[in-house]
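Report on the following structure.
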2 protein chains.
Amino acid sequence: MRYAVLGTGEVGRTLAGRLLELGHEVTLGSRTRDNPVAVEWATAEAGRAHAGTFAEAAAAGEVVVNAVAGRVALDALEAAGAEHLAGKVLVDVSNPLAFEDGQPLLDPVGSDSVGERIQRAFPQARVVKTLNTVNCRVMVDPRRVPGEHHLFVCGADARAKEQVTALLGEFGWPAGRVLDLGGIEAARAVEMYLPLWLTLFGRFGDADFNIEVRRSG
Amino acid sequence: MRYAVLGTGEVGRTLAGRLLELGHEVTLGSRTRDNPVAVEWATAEAGRAHAGTFAEAAAAGEVVVNAVAGRVALDALEAAGAEHLAGKVLVDVSNPLAFEDGQPLLDPVGSDSVGERIQRAFPQARVVKTLNTVNCRVMVDPRRVPGEHHLFVCGADARAKEQVTALLGEFGWPAGRVLDLGGIEAARAVEMYLPLWLTLFGRFGDADFNIEVRRSG
C-alpha cells in the first residue's frame, strides 16, 4: 500500500518507519518540501520512502495518516487538500493537547473533538480515529506492554474501520483487541482519556503502558 | 467507623449498604429529614443504619462520602456544613455529568473538576477522589469484573488517601490495585475518563467492566 504520513515529529516518523518495515511505500509529509527531518528520513530509508509537502504526500497516498498535533491538524489537512483526501481512509491519531501556563489542556474538549472536526471539514474523507490512546512506540509494537491491552477505533465508515483494524493487525494488534466505539463522535471519549494517560505517564515515568478493558462474561 | 453517605440515589444506597455489611455505622444523608428513600432504608436496615439531613449525616460521620451527582455536590456539602467536614476525610465519588440536548457533557471539564472545587470550597476537609471510574456495584464488589483491574485515588492528604485505600480494601480492592495519582488536581483526569466509560457502557450494554492499567517491567 501507499501511505501518506503527515507530520515529521516522533509520532509521524515512528509510524512511517514501521509502515516501511512492513513493506509499504510511505511519503512523509510536512509543511515545506525541504523539511530537513523529512528529507533526511527519505534519504536514509531510500527506495520506498519519500518526503514531500502535505499535498504531495496526500496525493501520493492511498491511505493518509494524520500525525500532526491535534491543534494544527485542520491546517495541515487544508494544506494537504480536500481533493487529495476525498474517498480515502484518513487515520487520525492526534490529540488536542494545548498548554496554558505550563498546564496541559485539551482544546477542543467535551462538546467537540479533533476527529469530528476533521470529518466535518473533509466530509468526503473516511476518517477513523485510533491509536491516540498510546505512545507511538506502543502504537507500532504493542508487545512493549504485557497483557491483552486494547485500542479503540471510531468513525462513520464501517469498511474504513475494517481496513484500519487490518493495519493495526500488521502493527501487532489482534482484531480482538481493537474495540469499535461507533461513530466519529466517540473521538471525544478517546481524546478525553489523554489527561488520565498524562497523569499515569507522570506517575510511571515512562510511556510503556496501556489499558486493558476487563469485563464480565 | 461511623460513615456519612450523602445522596440517596443508587450510588449512595449501594455504598451505604456495603458499609453496613462491613459492620460500620452509617447515616444516609439527604436534603430533607423525611426523605422517604432514606427513611425506608434506615428502617429496613435498623440498628447501625440512620437517615438524616446532609448536616445531620455529616455531623454523625467520622468519614463523609459524597455520593450526590457532581453538579450538585457543592450545594449538598454546603448544606452539610463546613464545620461538619473540617478535619474529616471526605471521599468524593461523583462525576460532573450533565445533559444538553440529550447529549452527555461534563461540567466542569478540562481546567477544573468537582474534586478540586470541593477541596477549594472546604479547605479543611481532607478530600480524596476515588471510585468515580466504575459503576457502584463494581465499587463495592470488584469481583464482578475479572482481572487485576484498577482504581485511582488522588488528594492532597497522604494519610487520608491511606485511610481511603484501606476502606477500598474492605470493599475488596487490594492496595496494589489502587493507583495514587497525586494531588486533587488529578481529579480532572479521572473525571474526564467518564466519556470513555459511557461509550464502553453503550457498546457493552452493561456496567460490569473496568480498566486494568498494563505496564512493562
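A few comments on the model shown:
- Straight-line reach from A:Lys161: taking Cα to Cα under 16 Å and skipping same-chain neighbours fewer than 8 places apart, the aspartates and glutamates in range are A:Glu62, A:Asp92, A:Glu116, A:Glu170, A:Asp180, A:Glu185.
- Along the range A:48-58 the Karplus relation, 6.51 cos²θ - 1.76 cosθ + 1.60 evaluated at θ = phi - 60°, assigns HN-Hα couplings of 8, 9, 9, 10, x, 6, 3, 5, 5, 5, 5 Hz to successive residues, with x for each Gly and Pro.
- For chain A, the 222 nm mean residue ellipticity estimated from helices alone, with every DSSP H stretch of n ≥ 4 adding -39500 (n - 2.57) and the total spread over all residues, rounds to -10500 deg cm²/dmol.
- The modelled label-to-label distance for the pair B:Glu83/B:Asp112, using points 7 Å beyond Cα in the direction of Cβ, is 2.7 nm.
- Mean separation of Cα contacts under 8 Å, 6 or more apart, over the residue count of the range B:110-217: relative contact order %: 36
- Amide proton proximity set for B:Val65, modelled H, under 5 Å, gap of 5+: B:Ala4, B:Val5, B:Leu6, B:Val91
- When the protein assembly as shown is described by a simple charge dipole with +1 on each Lys and Arg Cβ and -1 on each Asp and Glu Cβ, the residue from A:Gly110, A:Trp197, B:Leu20 located farthest towards its positive end is B:Leu20.
- Degrees between helix A:158-171 axis and first principal axis of chain A (Cα, 0 to 90, nearest 10): 90
- Chain B, dipole about Cα centre (Lys/Arg Cβ +1, Asp/Glu Cβ -1), debye to the nearest 20: 420
- Taking 0.36 nm per residue of separation and subtracting the current Cα-Cα distance, fully stretching the chain between B:Arg31 and B:Arg159 would add 43.1 nm.
- Value of relative contact order over the range B:2-204, rounded to a whole percent, pairs C-alpha under 8 Å and six or more apart: 17
- Counting Cβ atoms of other protein chains within 10 Å of each Cβ in A:201-211 and taking the mean gives 4.
- Overall form of the protein assembly as shown per C-alpha gyration tensor (a/c, 1.5; a/b vs b/c): prolate
- Cα gyration tensor shape for chain A, rounded if a/c is under 1.5, else prolate or oblate: rounded
- Once you reduce the range B:154-180 and the range A:159-182 to the center of their Cα atoms, the two points are 36 Å from each other.
- Cα-based helix-to-principal-axis angle, A:194-204 vs chain A, degrees rounded to 10: 80
- Whole-Hz couplings from phi, Karplus 6.51/-1.76/1.60, listed for the range B:21-33; x for Gly and Pro: 3, 7, x, 7, 9, 10, 10, 8, x, 9, 4, 10, 5
- Principal-axis tilt of helix B:36-45 within chain B, Cα atoms, nearest 10 degrees: 90
- When only Cα pairs below 8 angstrom with a gap of at least 6 residues are kept, the range B:29-134 shows a relative contact order of 24 percent.
- Most simply put, the range B:2-204 has about 20% antiparallel DSSP beta bridges, counting only bridges with both residues inside it.
- Projecting the Cα atoms of B:Ala57, B:Val11, B:Gln163 onto the charge dipole of the range B:2-204 (Cβ charges, centred on the Cα centre) puts B:Gln163 farthest toward the positive pole.
- Efficiency of FRET between A:Phe99 and A:Glu62 - r from beta-carbon atoms, R0 35 angstrom, step 0.05: 0.50
- 10 Å Cβ neighbours from other chains, averaged over peptide A:179-191: 4
Computed from the coordinates by the stated procedures, all read-outs in this text should not be read as laboratory data. For clarity, every value in this text was computed on a predicted model and none was experimentally measured. In this analysis, Cβ positions are derived from the backbone assuming ideal geometry, glycine residues included, and neighbour counts consider all displayed protein chains.
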